[in-house]
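Colleague: This is the structure I have questions about; it appears just below.
What follows draws every value from the coordinates through simple rules; no lab data is involved. Remember, it's a predicted structure, so these values are computed and weren't measured experimentally. Every residue, glycine as well, gets a Cβ built from its backbone with ideal geometry; the counts of neighbours run over all protein chains shown.
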Amino acid sequence: MIRRLAIVLVLALFGLVFASLTVHHVERHSLPPLGKRYVELVPQELGAANVITGILLTYRAFDTLGEIAVLFMVAAAVGLVLGRRERRDLPRDAPQPPRPASEIVRTGAQILVPLIAIFAAYIIANGHLSAGGGFQGGAVVASSAVLLLLAAPSRQLDQQLLSSTESTAGVLFVLVGVAGTIFASGFLDNRLLPLGQFGSLFSAGAMPVLSVLLGVKVGCELSVIIDRFRS
Amino acid sequence: MISTVVLATGLTLILIGIWGMLTHRNILRIVIGFSLAGTGTHIVMVALGYVAGGTAPIIDRSLGAAEASSRVVDPIPSALAVTAIVIGLAVTAIMLAFAIRLYEAKKTLSIDAFTESKW
């Protein structure tokens, strides 16, 4: 009874705060100074059409690097938490073979996985031009991995290959960043490569390179996490 | 106007998430409540970055670089939302991994079974 009362009280207080936030919310009619500056500087200085990618991969690229580190840590932590189970539990319940996937799922996977892969490549490569980027494309790659695992439940993902690909991409990302301090004006500065023509696929300096590395890394990492949950 | 509606939606989602976390005893439902609250925060962030009549901050044929700063929404909350989504996924993955281990320890997902760290 007291617990239920406390829950109602907490919810009521949160509701009060949220209601006053909503009531006093005034829609903006112009950009705040920092956002305005980014919108002006990203196309002009970095040559990227997508302002958000410009922020994520250059101005706040250090944040993105931290985020990659977080994802890496999660993959490692999930492996640590779930990994020891197999050795201890094996004698207790004999592993039963997983139920084979239905024909619809198998045929669908055969048709869809290549298409999803192409779509992911498109999203990753166009990150600096339109909506998309490394994280989004990486998530799409991982969704194709899920479909593959659903279609063939007994298939083993090559964890070794995925881990080494992911580590290579991470190291290359940092190396591009370090190259920015030598050949351009700072860590992860994209202007170490020529900016190219605004709006074309090979433009915005190192941004497409960083985007591809990010996509590969995120895709591998999410696939590893999903695979660890399955086993 | 539209951003107020979106803001209210996000805040309602957060409330539903908190309610789910507080009332349910199943660990998976608590995780779902947490994810709901997280999604609500993303919606709130995007709503706060909205500029009346603004469009996506992507420069193309229909949005010249010169007029961009007067016609787009704030790009910073969107960039932060991308970050927040990734971190939210990371936290959810860890929570689910712990849920699996907890289930193995007690063969139940009810939070009432785990009294060791209760004070």
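Colleague: Please go through segment A:203-229 and pick out each residue that is over 15 Å from the mean Cα position of the chain (by Cα) and of a type in the set (Val, Ile, Thr).
Modeller: Answer for segment A:203-229, where residues must be over 15 Å from the mean Cα position of the chain (by Cα) and of a type in the set (Val, Ile, Thr): just A:Val209.
Colleague: Here is a follow-up. Could you check B:Thr92 against (1) closer than 27 Å to A:His29 by Cα; (2) touching a Ser or Thr at 6+ places or on another chain (Cβ under 9 Å); (3) at the interface with chain A (Cβ under 10 Å from one of its Cβ atoms) and say which number it fails?
Modeller: (1)
Colleague: Same structure again: What helices (runs of 4 or more DSSP H) completely inside segment A:1-90 contain at least 3 residues that are surrounded by 12 or more Cβ atoms within 10 Å (Cβ to Cβ)? Let's see the steps before the verdict.
Modeller: Details: elements: A:2-23, A:33-41, A:51-54, A:61-83, A:85-89.
In segment A:1-90, A:2-23, A:33-41, A:51-54, A:61-83 are the helices (runs of 4 or more DSSP H) which contain 3 or more residues that are surrounded by 12 or more Cβ atoms within 10 Å (Cβ to Cβ).
Residue-wise test of (1) in contact with a Ser or Thr (Cβ under 7 Å, 6 or more places away or on another chain); (2) of a type in the set (S, T, N, Q); (3) within 25 Å of A:Asn126 (Cα to Cα); (4) without any contact (Cβ under 8 Å) to a residue 24 or more places away in the chain.
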position	(1), (2), (3), (4)
B:Thr9	no, yes, no, no
B:Leu13	yes, no, no, no
B:Ile18	no, no, no, yes
B:Ile27	no, no, no, no
B:Leu36	no, no, no, yes
B:Thr55	no, yes, yes, yes
B:Gly64	no, no, yes, yes
B:Arg71	yes, no, yes, yes
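Colleague: Quick one: in segment A:20-70, which of the residues that are among the small types (Gly, Ala, Ser) and closer than 23 Å to B:Val6 by Cα is nearest to the other protein chains (Cβ to nearest Cβ)? Full working, then the answer.
Modeller: So the first thing to find is which residues in segment A:20-70 are among the small types (Gly, Ala, Ser), and the list is A:20, A:30, A:35, A:47-49, A:54, A:61, A:66, A:69.
If we keep only those that are closer than 23 Å to B:Val6 by Cα too, we end up with A:20, A:30, A:35.
Numbers: A:Ser20: 10, A:Ser30: 7, A:Gly35: 4 Å.
Among those that are among the small types (Gly, Ala, Ser) and closer than 23 Å to B:Val6 by Cα, it is A:Gly35.
Quick grid of which residues meet (1) in contact (Cβ under 8 Å) with a residue 60 or more places away in the chain; (2) surrounded by 17 or more Cβ atoms within 10 Å (Cβ to Cβ); (3) more than 21 Å from A:Leu56 (Cα to Cα):
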site	(1), (2), (3)
A:Ala145	yes, yes, yes
A:Thr181	no, no, no
A:Leu188	yes, yes, no
A:Pro194	no, no, no
A:Gln197	no, no, no
A:Gly219	yes, yes, no
A:Ser223	yes, yes, yes
A:Arg228	yes, yes, yes
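Colleague: Only one residue in B:Val72, B:Val51, B:Val44, B:Val86 is touching a Gly at 6+ places or on another chain (Cβ under 6 Å), within 7 Å of another protein chain (Cβ to nearest Cβ) and β-branched (Val, Ile, Thr), so which one is that?
Modeller: Numbers: B:Val51 fails: touching a Gly at 6+ places or on another chain (Cβ under 6 Å); B:Val44 fails: within 7 Å of another protein chain (Cβ to nearest Cβ); B:Val86 fails: touching a Gly at 6+ places or on another chain (Cβ under 6 Å).
Sole residue among the options that is touching a Gly at 6+ places or on another chain (Cβ under 6 Å), within 7 Å of another protein chain (Cβ to nearest Cβ) and β-branched (Val, Ile, Thr): B:Val72.
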